[in-house]
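One structure is given here, and the rest of the page talks about it.
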Amino acid sequence: MSTPPMDELFGDIDLEWEHRKNRAFRSLCFLSSILGLAALALLIADVLWEAYRGVSEYDIGIIHFITSTGSVNPDRAGMYGALVGSVLLIVLASIMTFFIGVGAAIYLEEYAPDTRLVRLIDANLANLAGVPSVVYGLVCFGLLINGPLDLGRIILVGAIALALVVLPIIIVSAMEALRAVPDSVRNGSYAIGATRWQTIRRVVLPAAMPGIMTGTILAIANAWGQTAPLLMVGAIASARHVPTGPFDDITALTVTIFDWAFRFQDQFHVLAAMGIVGLLVVLLGMNMVAIYIRSRYEKELS
Amino acid sequence: MSTDTDPEITSADGRVAADQRRDRLVQGGLFLCISFTLLTTLAIFWVLFNEATHFFFDGRFSDVVVSLLTGESVSQRITFVEFFAGERWDVTHSINPGYWVGPLVWGTFLITVGAAFVSIPIGTLTALYLSEYASQDVRKYLKPGLEILAGIPTIVYGFFAISFITPWLIRPAAELLGVQTRSANVAAGAIVVGIMTIPIVASISEDAMSSVPDDLRNGAYALGATKFDVSLGVVLPASVSGVFAAYILAISRAIGETMAVTIAAGFTPQIAFSPFVEIQTMTAYMVDAVRGEAVVGSIRYQSLFAVGLLLFIITLVMNLLNNKLKERYREEYR
């Protein structure tokens, strides 16, 4: 920079200013990224604080809260029935979607010819993933409760609504897992005389299974947190009701939280917070299982 | 994708033939699986159009279509003019009901625009930080953090809005400005929906930015550009279609978002211009109507599907646009 021609060349550029601008922008970007995480921390702190108030101010026993079933009286309210309903819902929804979803993904990744129909299916899949979950609930309400099929407001209908919400997610993530299996693995199997299905069942699927499981668990976690589709098919906060099977009245943890959050008494507000803690703990468990599977099997096939 | 060469085995061996027969059978079964997705789409269209026809024409969809095709006059109970440019939305009013969807659309519009003001700047800057500035170590913590943010159920965001954002942010701000505010208000709804769509903007934008080839960056560095110049002058313009795809997806999510806005923004359909008043979005109306025991066949019940159809069409258009943009940025740097 000290030679005269260079000085002339860059004479009109204030390097100091350029560097300061760069540093300022870097800080701005960093702050923005922190903002999202800060919001997350605040949210969790807020929920934990409100739940803690429930235990300290209102003397709600945690064991009592988990084991008793929701009541109009906030002193005796609990989340047991709602929890059972939620578990039934996602178990049924998982059974309905896992095999169909993985089957559909196998077809699209391994078999599908590049025809117009397949391209239509592909585009349709992308759109289904973007349909708001409340619309799926509305369609089930119109078709399965008030439409040609009158099944009533039962757990099974809620599970179908959840299944519709998560099916596109499972298909897309399973497709990604199948795509990650290298072609050399398939060709090795073909070379020793295996048919396409033998190759998929014995070679491709086992290799893709960790990825498929991770995607499925995350999709089920999504279903676990859904509220709107369940409200649309008539889910209610569980009053004194513990569901026992797919044909029982529908109730769910998220719907119960929604009901509590809307009541005016402060005690219901802290009950909602305690329900949310329960909801998030289960969610955390699912995510940890997904992370464990991902890290355990990640490096095997590369 | 699978290989192009089909492993067709020509052999007289019966077992091979049986294997191949089973192969074709399995293919058929798998096709059935995928056809579920087409059935779902058909069901969505059928239910929404059928019930919405009841709302507008007071008749079955098939009857109305047949009458329209044969040129018969169809009596319309609620005209499209009234639906799209009426006076007010009050379906259950016994004497003088109003069927203008405007207040609900306006509520959704306010929330969506407000959320975009939160998620687009923060999400884009986060994406730039992740793709241009962040070290491996920082990425290792930042990305899972954003994934967690994306995985929080929307009802929890709704609770966060009424228990923290409104009492601690919105109410003091309103008091400072000397205006009244309710426990449900536009600002709280917009802020939480904005927060929950940050991860969508950030992760998809970052994807697009990372796919910009390093040659472009290095060319700019060779000319003496700083990281600031490269980020805003090279990377952002080069990834613009992907970044826009991210924005559209985030906006589409904000439009379809239900629980957070129902809890945070309220149940009062109105055209308002203040961030401190209660409004009602299309999705919140759907929750409201279905909870209010809408009797089958009543106008309230059918209005549910008319609003649902409108919501579905809006998000469908956004998704199609998003897919087009995504295709384009995938092709740009292959």
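For the reader, a short list of remarks on this structure follows.
- Three-way shape label, segment A:4-57, alpha-carbon gyration tensor, a/c 1.5: prolate
- Centroid-to-centroid separation of segment A:207-281 and segment B:175-235 [C-alpha atoms, Å]: 32 Å
- Note that segment B:14-77 carries a Kirkwood radius of 15.1 Å, evaluated over its alpha carbons pair by pair.
- Paramagnetic label reach from B:Leu177 (point 7 Å along Cα→Cβ; backbone nitrogen cut-off under 20 Å): within segment B:184-198, residues B:184-195.
- Rounded Å value of the spacing that divides the Cα centres of segment A:43-111 and segment B:88-130: 29 Å
- In this structure the amide hydrogen of B:Tyr99, modeled in the peptide plane, comes within under 5 Å of the amide hydrogens of B:Glu87, B:Arg88, B:Asp90, none closer than 5 places in sequence on its chain.
- In terms of its alpha-carbon gyration tensor, the protein assembly as shown comes out rounded; the largest-to-smallest axis ratio a/c stays below the 1.5 threshold.
- For the segment A:120-132, counting C-beta atoms of other chains within 10 Å of every residue's C-beta and taking the mean gives 6.
- Shape call, chain A: gyration tensor on alpha carbons, a/c limit 1.5: oblate
- Judged by the mean number of other Cβ atoms found within 10 Å, the most tightly packed of the peptides B:279-292, A:118-131, B:133-146, A:243-256 leads the ranking B:279-292, A:243-256, A:118-131, B:133-146.
- The ranking of A:Trp49, A:Trp260 by Cβ neighbour count inside 10 Å, starting from the fewest, reads A:Trp49, A:Trp260.
- Springs join every pair of Cα atoms under 10 Å in this Gaussian network model of chain A, and among A:Ile212, A:Ile236, A:Ile200 the largest mean-square fluctuation is at A:Ile200.
- Reachable aspartates and glutamates from B:Lys140, criterion Cα separation under 17 angstrom, eight or more residues apart if same chain: A:Glu298, B:Glu132, B:Glu206, B:Asp207
- For chain B, hydrophobic long helices are taken as DSSP H runs at least 30 Å long by C-alpha position along their axis with mean Kyte-Doolittle hydropathy of -0.5 or more; these are B:14-57, B:102-128, B:186-210, B:299-332.
- Using a Gaussian network model of chain A in which every pair of alpha carbons under 10 angstrom is joined by a spring, one finds that among A:Met288, A:Met96, A:Met79 the greatest mean-square fluctuation is at A:Met288.
- Packing, taken as the mean count of other beta carbons within 10 Å per residue, orders the peptides A:106-115, A:160-169 from highest to lowest as A:160-169, A:106-115.
- Cβ neighbours within 10 Å from other chains - mean over A:136-148: 6
- Expected 222 nm ellipticity per residue - DSSP helices of 4 or more, -39500 (n - 2.57), all of chain A, to 500: -23000 deg cm²/dmol
- What the phi angles of segment A:165-178 give under the Karplus curve with 6.51, -1.76 and 1.60, with θ = phi - 60°, is a coupling list of 5, 8, 3, x, 5, 5, 4, 4, 6, 5, 4, 4, 5, 5 Hz, glycine and proline written as x.
- Order by protection proxy (mean Cβ within 10 Å, highest first), peptides A:177-187, B:307-317, A:221-231: A:221-231, B:307-317, A:177-187
- Averaged over A:259-266, number of beta-carbon atoms from partner chains that fall within 10 Å: 2
Only the coordinates and a few stated rules stand behind these numbers; no lab work does. Just so it is clear, the structure is predicted and the values come from calculations on it, not from any experiment. All Cβ positions, glycine included, derive from the backbone under ideal geometry; neighbour counts span all protein chains shown.
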